[in-house]
1. For a quick size check, give me the Cα extents of segment B:40-182 along its three principal axes, largest first, whole Å.
2. Gain in length, A:THR361 to A:ASP160, computed as 0.36 nm per residue apart minus the alpha-carbon separation, to one decimal in nm?
3. With a point put 7 Å past each Cα toward its Cβ, work out how far B:PHE235 is from A:GLN65 in nm, to one decimal.
4. Going by C-beta contacts inside 10 Å, put A:HIS359, A:HIS223, A:HIS343, A:HIS244 in order with the fewest on the left.
5. Counting other C-beta atoms within 10 Å, which of B:MET84, B:MET95 has the fewest, and how do the rest follow?
6. Relative to the Cα centre, what is the charge dipole magnitude of the protein assembly as shown, using +1 at the beta carbon of each Lys and Arg, -1 at the beta carbon of each Asp and Glu, and rounding to the nearest 20 debye?
7. Using alpha carbons only, how many degrees (0 to 90, rounded to 10) separate the axis of helix B:279-303 from the longest principal axis of chain B?
8. Short version: ³J(HN,Hα) in whole Hz for each residue of segment A:335-349, in order, from phi by Karplus 6.51 cos²θ - 1.76 cosθ + 1.60 (θ = phi - 60°), x for Gly and Pro, what are they?
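FYI, it's all coordinate maths here, none of it is from the lab. Note that the coordinates shown come from a computational prediction; the quantities given were computed from them, not determined experimentally. Heads up, the Cβs are rebuilt from the backbone with ideal geometry, glycines too, and the neighbour counts pull from every protein chain shown.
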Amino acid sequence: MSPDRSSGSTTGSSGATAPPRPGELLVDGAWKRFRGDRRARSLMREGPAGLRRKRGYRWALRDIQIHVAPGEAVGLVGSNGSGKSTLLKLLTQVMDPYAGTVRVGGSVGALIEIQAGLHPELTGRDNVFLYGAFLGIPRVEVARHFDEIVAFAEIDAAIDRQVKFYSSGMKMRLSFAVAATLEPDVLLVDEVLAVGDASFQQRCLDRLRRSIDDGTSLVFVSHDLAAVQSITERTVWLDQGTVHTDGTTADVLGAYRRAVEERARSGEQVGPLRVRFDGARGPDATLPTGGRPVELSLTISTDVARRGALILGVSDGPPSPIVVVRREVDLPAESTTATVTLHDLPLGRGRYAVWVAFHDTTGDELLAWRPLADIDVGGSDLDAPPPGVSRQAPVHVAADWRIGS
Amino acid sequence: MPTSTITIPVPSADDEPGSPAIPSPSSGAADDVRSPTEPPSGARYRRPLTPWRAVRDVARSGELLRALTTREYRARYTQTVLGMTWAVITPVLLMVAFVVFVQRAITVDTQGQPYALFAYLGLLPWAFFSTSLSRGGTILVLESSLLNKVRCPREVFPLSTVAVAAIDFAVSCGVLALLFLGFRTLPSAQIVWVPVILLVQIAFTLGLVFVTAILVVYVRDVGQAIPLLLQFGLFATPVAYGIDAIPDGIRSLYAAINPLVGVISAYRSCLLFGEPPPWNVFGPSAASAVVWLVGGYVLFKRFEGGIADVA
């Protein structure tokens, strides 16, 4: 495939610059707007005036500046509606920006939805070649990789079955296998891995990592921050259509997680229960430390007497906790302090979130599962898992090694 | 009773590094300071539209066009019992209908040639045109999910539908050969004109498909109107009748407005009557077809950039 196959062009005041190298993504001052929502435009109802009525605009992206070097893997995070998908559409060049330029060097493989490019009436085999054609890859080249694709997708005999009879996992595996195996210069992956089972997800991540090592650039969109962390070194955080932060994945995801928790916490605390975090202490009022006991204290206030389960958890960000403790309690109609001591806190050094919930005896959620506060934990660092593993090993266990005969 | 809600604890010791400042997630005011609310004037993106680039794009999508055409063709006939026979059934059945009904109702001057051949020669280009337009006119909307994900020159979609219609056309041409054998008639030496007529037929069809396809994306009403227009066109085009039914004075003008008039009469002249194409009719049609093709393609390229915004 020729390097400038899908290259855009320079416009406006930026003047002529060199075309992007294969695998290079250059987004310069890109803006994108969509027409404002309209009520049904109907000649019958509104007459000609309805057709002339001006509609407003909303900006989906504002002044986006992102450069990705060939072979670089970049994560893209942000809350729903922050412009991630629009940015990906600009990068695939199915959409033009309103202003600014988007230039992409080389062939672009986009995994934006499971069925991207799969035609339901055709067999898997036909679809492989069709997809290759969309990537601009010659038929002979696709044929050369065909067995590899089928093997990776674990499709086997079903390759000659019409795709409409595939399960969604099979569709996802097939399109991922094609896009990853044919190694386009740029791969755009949007939240597609969620469909596959865990072992396939892991193989996908491994494959992506290999493609990156072979020089493919990757833009990886996911709400699964652990997956982003495992595959990218750099992450861009989009917020309300602008680049909020662009930096190393560890820094950006840390800040992003805290912001998400912050937002969840700052939400109006409604309901019959109020909870205040009174701090976390190690023995002798020191800072909590991994491998040592820690004491978490909180104060719960209620207007009427309650009985139910107090659930307390520690998480490294997402709502799924690493550690959970649960206790049936009777709360009188006033403030109650609760203190729990966790023996041998199994965490590595870092910042964690304390989550809390309260369910009464009938199962009603009096306090929904929510982050309560951050705690900083000292101690040893966690050992790093092998590259490409989507879950960081979150628990610290003291270990003794014996190596050799 | 204490009414304090949630407080963030401040670690007593400050010996823990690695806790950077927490950026606010929704700092609307800060965003406004950092970036303007409108792009600077003069930074507007303009999709480059040069003939050279357009030709290069199409030339490079040969592989994709072939794959799409195959896909379209296979997808159309999978799970049908008759398969490709359907490409033949449609014009043949219409021909039978014409022979049985139209021929009884009106007298058509076929210059002594069998009416079945006469009608079939009209139906062939018509079927090509009608298949192309009915499928190609709505193809961009039908494929909108694909268009939203995969980058390719958009014209490959209308092109592939016309290519599929061309395959059908080729198949039904085989039937035409059988008809000629059956009626023991031989096409005259004027058959050399057929490639030229074919080009005009394709140019006009393609041009109209380009215009319709891009219009339907922005004004969906056009899609609803296509079947109606096709029914109307079958009567407005000399398919069942001959060119002589159109008054002499407006014949050239009419052929320019509806290039199929020139195409069909030229086919009949060359293959059936042994005459060269009637230039007073075919000339305007050919000129008009070229205008349709160029104009339609320019219009298509001009508006293809917004397809993903509305589709």
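1. Answer, in whole Å and largest first: 71, 36, 24 Å.
2. Net length gain for the segment: 66.9 nm.
3. About 6.5 nm, to one decimal.
4. Fewest-to-most ranking of A:HIS359, A:HIS223, A:HIS343, A:HIS244: A:HIS343, A:HIS223, A:HIS359, A:HIS244.
5. Arranged by neighbour count, lowest to highest, B:MET84, B:MET95 become B:MET84, B:MET95.
6. 2720
7. For B:279-303 against chain B, the angle is about 10 degrees.
8. 8, 10, 9, 10, 10, 10, 10, 9, 6, 6, 3, x, 10, x, 5
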